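Where a number appears in this text, it was derived from the coordinates with a stated rule and is not lab data. Worth saying up front: this structure is predicted, and the values here are computed from it rather than measured. Note: ideal-geometry Cβ built from the backbone for every residue, glycine included; neighbour counts use all protein chains shown.
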């Protein structure tokens with residue numbers, strides 16, 4: 001009968017990563033072939049170590065995959081929540097959520113780019129949106145948002161120059177209109 005990796009390491013299926021590592025260390029100390037240099041049990045110890053190493057590698061890799069899945073699931077929910085907040089105009093709350101996400105994928109960069117744009121941080125907005133586009137080049141939403149901001153670069157200088165001569169012109173409204181013209185977002 002073949003033993004499971006848990007049986008080989010002498011632990012139960014609900015063991016934590018630390019418990020897996022501790023059980024492995026104890027068995028390595030017990031069965032390491034160097035302890036059996038001039039002993040007829042050396043071959044058995046080497047075979048036991050191969051079995052222990054294989055069990056350990058299997059458990060650690062499956063544990064890490066499980067952790068990665070759990071983290072990505074939590075990140076997906078946080079990204080959904082921050083997207084909702086962005087499009088409700090709650091930029092500070094959205095940014096707070098985004099800053100607590102460890103895995104920064106294309107969606108994260110896109111949302112952070114929008115938040116920075118809304119806060120008037122145009123250089124970092126461009127950086128985040130560009131990164132989102134390079135991470136997911138087939139995403140039309142990301143590409144259109146980036147294009148809408150920076151395709152009309154001449155409009156920025158026009159708005160800026162116009163604003164300087166007319167105190168009633170708000171550059172933020174002008175840039176928002178340029179940015180959101182093609183993405184269907186409400187900027188007011």
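Observations on the structure shown:
- From least to most packed, judged by other beta carbons within 10 angstrom and beginning with the fewest, 126, 56 follow the order 126, 56.
- Between residue 62 and residue 2, the distance separating the two model label sites (each 7 Å from Cα on the Cα→Cβ line) works out to 1.2 nm.
- Projecting label points 7 angstrom from Cα along Cα→Cβ for residue 12 and residue 143 puts them 5.4 nm apart.
- Sorting the segments 80-86, 111-117 by their residues' average number of neighbouring beta-carbon atoms within 10 angstrom, most packed first, yields 111-117, 80-86.
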